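Here the structure comes first, spelled out in structure tokens, and everything after it is commentary.
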Amino acid sequence: MLYQLHEMRRAFMHPVSAWANSASQLYTNPYSPLSYSPMARRIAAALDLTHRLGKDYEKPPWRIHAVETSGGTAVVEPEIALDKPFCKLLHFKKRYRVKSTDPGPKVLIVAPLSGHHATLLRDTVRTMLAEHDVYVTDWVDARMVPLTDGDFGLDDYVFYVQDFIRFLSPDLHLISVCQPTVPVLAAVSLMASNQDTAKPLTMTMMGGPIDTRVGVTQVNDLAKSHNMQWFERNVIHTVPQRYPGYLRKVYPGFLQYAGFVSMNPGRHANSHWDYFEHLVQGDEQSAEAHRDFYDEYNAVLDLPAEFYLDTIRVVFQDHQLPEGRWQVGGQLVRPQDITETALMTVEGEFDDISGVGQTAAAHDLCSSIPKSAKSHYLVKGAGHYGIFSGKRWRNIVAPQIAAFIAKHGGHKPPAAKANAKAATKAATASSARSPKTRKAA
């Protein structure tokens, strides 16, 4: 019933939002007499804010068209490398002027299935693309998946990751952001236990809930404050008839969004007020930054009910992974069986979603990985989003990950490549000298 009420609200707000958008232009267009009234800017700003608060937010585009690399400018063309009912494996293919240019180490970025689209990792992808060959898991909105495609639980997520690893192997590097650190660790563990030849070279885990018994946050408290029956009764709803996934049980994206906002309501209220003031002042750059953020933040997707409930139970309530009790497909998950995959963990000092220590717990679980193949990095001053997006990510975190990949994947980072090229050039010039010249030198 709640989903139907949400759809009714959307239907009501759609014409209101459209009217506000049109009316705001009457107070900003220089050809309109209303734009010269004393209160024009404030009225236009209020109407624009009304439009944005009431509009629908669809999945944003990736907007990654080209990147600067050590091999020059590369045109980027996203393409579907593997298509599954609940996820599309995207390859951000780089095209260079020189066809022989190496795209760099192969990296699979496993995006979270936690209410937002994979485009939330746009900055992550763009930065890694500079020197890496990037693939991303682009999860499908559950309301768009017909019932005939079956259920999708946490075990299925693990199996999907394994399929992607086998598809992209060999010489693959994994980066998991937030929620997928748990199923990614399970996937790699099971493949190690079964002596699967498709082992990733490295796995980098960023801000994920490996062990939610430490670094407790509001997210952890909410998951533990109710039993499973409460979650089934109150947050699981049926997809309405207008969508392909009609009758599928889901955790609606609008509830996840409401949960995110409720964690910091004052911050979001202040952000919208600042947006209003920026419009009144004519600060278009700041206003555009607000639009970019909330176009992404407000675009949400529905999660399959099975996956959501499995995650609450296995990760947040029963702590099955750190306690060594988690079984996937009837097989026990044993991180201690991983021996050949290097491990890096990244945490934010002020992460309010996955607290400090939760991700680092992976090091104790992966006890058979040599210390020389392990690395942990705590990003000072960073919150949850700061470890994979923004200046800290681009200037601090990404170079650390690139160096880790280069160290354990047999690839040289861009600086090393440049130095090696210069050394080769110098050696060539030296060998080209005459014997007399070389003797004098």
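The values are calculated or read from the model by the stated rules, or taken from the named source; none is laboratory data. Quick caveat, the model's predicted, so the values are computed rather than measured. Ideal geometry is used to build each Cβ from the backbone, glycine not excepted, and the neighbour counts take in all protein chains shown.
The table for this structure:
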read-out: Among the candidates 310, 302, 274, 337, residue that is in contact with a helix residue (DSSP H, G or I) (Cβ under 8 Å, 6 or more places away or on another chain), modelled with pLDDT of 90 or more, among the acidic types (Asp, Glu) and surrounded by fewer than 15 Cβ atoms within 10 Å (Cβ to Cβ); value: 274
read-out: Which listed residue is of a type in the set (A, V, I, L, M) and within 20 Å of residue 207 (Cα to Cα), from 373, 305; value: 373
read-out: Candidate set from the range 207-231 (those that are of a type in the set (Gly, Ala, Ser) and in a loop (DSSP other than H, G, I, E, B)); member that is nearest to residue 313 (Cα to Cα); value: 225
read-out: Meets criteria (more than 30 Å from residue 170 (Cα to Cα) and crowded, with 21+ Cβ neighbours inside 10 Å) for residue 354; value: yes
read-out: Whichever residue in the range 2-31 is of a type in the set (A, V, I, L, M) and closer than 30 Å to residue 256 by Cβ and, among such residues, is surrounded by the most Cβ atoms within 10 Å (Cβ to Cβ); value: 20
read-out: Hits in the range 248-270 - residues which are in a helix (DSSP H, G or I) and among the aliphatic types (A, V, I, L, M); value: 255, 258, 261, 263, 269
read-out: Elements of type strands (runs of 3 or more DSSP E) in the range 32-115, at least 2 residues being surrounded by fewer than 16 Cβ atoms within 10 Å (Cβ to Cβ) and either under 24 Å from the mean Cα position of the chain (by Cα) or in the same structural domain as residue 184 (by TED's automatic domain parsing) (or both); value: 66-69, 72-84
read-out: Search result, residues across the range 271-311 that are in a helix (DSSP H, G or I), within 20 Å of residue 117 (Cα to Cα) and among the β-branched types (Val, Ile, Thr); value: 311
read-out: Residue 195 without any contact (Cβ under 8 Å) to a residue 12 or more places away in the chain, within 22 Å of residue 343 (Cα to Cα) and over 20 Å from the mean Cα position of the chain (by Cα); value: yes
read-out: Single condition residue 219 does not satisfy, out of (1) modelled with pLDDT of 95 or more; (2) in contact with a helix residue (DSSP H, G or I) (Cβ under 9 Å, 6 or more places away or on another chain); (3) hydrophobic (A, V, I, L, M, F, W, C); (4) closer than 15 Å to residue 303 by Cβ; value: (1)
